[in-house]
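Reading through the structure tokens given below for one structure.
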Amino acid sequence: MTRYFCLDEPEVFDLETAVVAAEPGRVRLDRSPFYPGGGGQLADRGTLHWSGGEVPIAGFEILGDGIWHLLAAPVMLSGAVAAQVDRPFRQLMRELHTDLHIVNALVYQRFDGALVTGVQMNEDGTARIDFDLAEADNERLRSLEGAINDVIRQDLPVGETYVGEDEAFDEPGLIRSRSVTPPPTADGKIRVVEIVGLDRQACGGTHLASTGASRPLRILKIDNKGRHNRRLRIGLDGV
């Protein structure tokens, strides 16, 4: 995994950079502020500006030589460009992703280390998270809403660190997904996101600087999806 600029500099939404490779309708940038998506989080939206105009970003393609930015028009770019991230959309994804970590932490702690089997964040301010929970009481799960919002109100700091791959697998509870593990960086490190005083888990997405930057959260629905799969649907208040 490439260490994305947006993870090291999450508050940079506008960046002067340069095209290092180009084809009609796609470019690679020297540095990019965009998150290309992954782990259930939607990719960033935004635009590239240059002396001749601007073009929206239509998507991303991750190849061995880096991230290709797919453009909404077949333009051929070179030289200096300004990359601009859609701030409200990034904020939405950061809120949802941080809140899903809170949900994940509380379910893991209160339901015997239940592992995640799937996650998806949506542009309408809702998300789902699936757990391997064969016998859980849905009302007990629903009652977590108060504890989730209490964590948000506490405004706990959210930070990150990188640990060796072996250390990540040796630390109980750090790898929380049954099927997906964040890929290691080129130097063999796994990124770990910590909500101070609550949780540490491996993750490759973008998050808030503290839990209090999120709106309150609602548990919208709980579904049984197969013998071992319990799905929680959540939504940010007011969206």
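The values are calculated or read from the model by the stated rules, or taken from the named source; none is laboratory data. Bear in mind that the values here come from a model prediction, so they are computed numbers and not experimental data. So basically every Cβ, Gly included, is an ideal-geometry build from the backbone, and we count neighbours across all protein chains shown.
So the values come out like this:
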read-out	value
Residues (basic (Lys, Arg) and closer than 28 Å to residue 87 by Cβ) located in the stretch 164-199	191
Check on residue 34, of a type in the set (Phe, Trp, Tyr), assigned to a loop (DSSP other than H, G, I, E, B), under 26 Å from residue 116 (Cβ atoms) and modelled with pLDDT of 95 or more	yes
Hits in the stretch 125-163 - residues which are acidic (Asp, Glu) and without any contact (Cβ under 8 Å) to a residue 60 or more places away in the chain	135, 137, 139, 150, 155
Some residue of the stretch 95-110 being in a loop (DSSP other than H, G, I, E, B) and buried (at least 20 other Cβ atoms within 10 Å of the Cβ)	no
Some residue of the stretch 60-71 being surrounded by 15 or more Cβ atoms within 10 Å (Cβ to Cβ), among the acidic types (Asp, Glu) and in a loop (DSSP other than H, G, I, E, B)	no
Yes/no for residue 112 being free of Cβ contacts under 8 Å to residues at least 40 places away in the same chain and out of contact with any His (no Cβ under 8 Å at 6 or more places or on another chain)	yes
Failed criterion for residue 75 (all others in (1) in contact with a Ser or Thr (Cβ under 9 Å, 6 or more places away or on another chain); (2) not assigned by TED's automatic domain parsing to the domain that holds residue 230 hold)	(1)
Selection count where residues are of a type in the set (S, T, N, Q) and either in a strand (DSSP E or B) or at pLDDT 95 or above (or both), scope the stretch 41-59	2
Every pair of residues 6+ apart whose Cβ atoms lie under 8 Å, when the first sits in the stretch 39-57 and is more than 13 Å from residue 71 (Cβ to Cβ) while the second is in a loop (DSSP other than H, G, I, E, B) and among the hydroxyl-bearing types (Ser, Thr, Tyr)	41/35; 41/206; 43/35; 44/35
